1. For the pairs A:Lys109/C:Lys175; B:Lys109/C:Lys175; C:Lys22/C:Lys109; B:Lys109/B:Lys175; A:Lys22/C:Lys109, note any where the Cα-Cα span goes beyond 30 Å.
2. Find the relative contact order for segment C:2-175 and round it to a whole percent, using C-alpha pairs within less than 8 Å whose residues are 6+ positions apart.
3. If you take every DSSP beta bridge fully contained in the protein assembly as shown, what fraction is antiparallel? Give it as a percent rounded to 5.
4. For a footprinting-style exposure proxy, rank C:Ile159, B:Ile38 by other Cβ within 10 Å, fewest first.
5. Taking the Cα centre of segment C:2-175 as the origin, how large is its charge dipole in debye, to the nearest 20, when only Lys and Arg (+1) and Asp and Glu (-1) carry charge on their Cβ atoms?
6. How crowded by other chains is B:155-168, given as the mean number of beta carbons from other chains within 10 Å of each beta carbon?
7. Please list, in chain and number order, the residues 5+ apart from B:Val167 or on another chain whose amide H is under 5 Å from its amide H, with Hs placed from the backbone.
8. Could you tell me which residue in chain B puts its beta carbon nearest the axis mapping B onto A, with the distance rounded to whole Å?
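Throughout, read-outs are computed from the coordinates displayed, never taken from laboratory work. Every value quoted in this text rests on a predicted model; they were computed, and no experiment measured them. Virtual Cβ from ideal backbone geometry, glycine too; neighbours counted across all protein chains shown.
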Amino acid sequence: MAGEATRGPRLTLVLGGARSGKSAYAESLVQAEPAPWIYVATAQGYDDEMRARIADHRARRPAGWETRDAPRDLVGVLGATPPGRPVLVDCLTLWLSNALLDEADLAAKTGALVAACTRHPGPLVLVSNEVGFGIVPDNALARRFRDEAGRLHQRLAAIADRVVLVVAGLPLVVKGE
Amino acid sequence: MAGEATRGPRLTLVLGGARSGKSAYAESLVQAEPAPWIYVATAQGYDDEMRARIADHRARRPAGWETRDAPRDLVGVLGATPPGRPVLVDCLTLWLSNALLDEADLAAKTGALVAACTRHPGPLVLVSNEVGFGIVPDNALARRFRDEAGRLHQRLAAIADRVVLVVAGLPLVVKGE
Amino acid sequence: MAGEATRGPRLTLVLGGARSGKSAYAESLVQAEPAPWIYVATAQGYDDEMRARIADHRARRPAGWETRDAPRDLVGVLGATPPGRPVLVDCLTLWLSNALLDEADLAAKTGALVAACTRHPGPLVLVSNEVGFGIVPDNALARRFRDEAGRLHQRLAAIADRVVLVVAGLPLVVKGE
């Protein structure tokens, strides 16, 4: 049974910088669970640079992954995953960026996401960029994004069983085992 | 007696990114000591964005806090705190920014601050933004600020009993317990 | 004999932010080995700010250091160090920046560097800036640099015996002892 074979915690938050290896690390966590695995992709290929990144990430993933696109309706996609199936969301940063640009009620959206992660049976691994360790950006939108990302990470870290900061491909455990 | 109930170290440096939860974490450290507590605020409400941040921080603090403003004379304010009274400075980043913009002798000012923290009886908790983990800023003033902040953090970390990096609201202990 | 006195690991990667104290920390690792030590400098003094930084770093180093300049031919300089002699490379960031600006085959250059570090007898300590924890830069070249730095750090961390993130002058061990 899937339940017996499950070894990891219910909810893991994987933070990391740009090109820190956080996606590969998060994939390895999910792949330690029994296949099939669900890859929830928040990226949209709206320019060549982004399309190249998506293709690069996709090429790295072995068979056993089902991909679901959720650039906006992440709550709906998470609610529709079969119970017990390991799920990877890569990444919250792009979802949050889309939510911010849509100018909808961001507090409602992030609240709904936190609630969806709280009630998801897991194993659920969330990947997000840590973006707050630089100089204050000149740009007001970048400042707002940085604030919202920080707030969302705090809320998710509070309900996560495990929080990891990835540095140069290596995990620095901040919470849990 | 306040001295007997004091559990924390004399000097703690709390570093963290933007919206990392470093202020709330630092407040929890101080609030673990017996009240009343002294909140040394370095922020100045010179625009709406900053005034909103100040109000947000102030609203979170429970009764038991006395606030003292020290956008510039942090050394004087620290010297005037009653011995044994727990003190939180939030944050060094804004004080350093003011000191840099004043174009006064920055080396003398930071040296005086390090000396004041060295002789303060504590418990003293200092909050500051870690700003050095991004790309080199285009702006020369931002580069200088980043250098000065890094230097100040190194000097304070060397004399601190405990240094913590806050990530998503969670403490990563760099020095001490 | 030098071999007997050697205590540190063969390959150490020291990451840190701007003015984090990573160079001083890395120097202390090398100086724990028997002198003489080789300092491989990748900086070039092409403007006053950079010349001041180079002079500042050089003034901190005691006697016992031999300096070799390697703004571009880092692979050649590493290959020519006498076996058993402790070597510090400070820093990979500037070497990578030069390699990127030269518009040569970057994948070949970074691959050759990883190979040179793999076969170097050590003790070898590599210093590099962690630059990926901020907001996405506006500038395409900065984005590319950030990506390449992240990829290089992952590859070197994978072959290193010890990886350390320096925060406020203090080591946070990510891999090894």
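1. Working: A:Lys109/C:Lys175 38 Å; B:Lys109/C:Lys175 38 Å; C:Lys22/C:Lys109 24 Å; B:Lys109/B:Lys175 25 Å; A:Lys22/C:Lys109 24 Å.
Cα-Cα > 30 Å for A:Lys109/C:Lys175; B:Lys109/C:Lys175; rest within.
2. Details: 289 pairs, mean separation 63.6, N = 174.
Once divided by the residue count of segment C:2-175, the mean separation gives 37 percent.
3. On the way: 15 of 87 bridges.
Among the beta bridges of the protein assembly as shown, antiparallel pairing accounts for roughly 15 percent.
4. So the residues, fewest neighbours to most, are C:Ile159, B:Ile38.
5. Numbers: 21 positive and 19 negative charges, 89 e Å.
Dipole size: approximately 420 debye.
6. Numbers: counts 3, 2, 6, 4, 0, 2, 0, 0, 5, 1, 9, 2, 13, 20.
What the average comes to for B:155-168 is 5.
7. Excluding prolines and chain starts, which carry no amide H, the hits are B:Leu172.
8. Reported as residue, whole Å: B:Gly134, 1.
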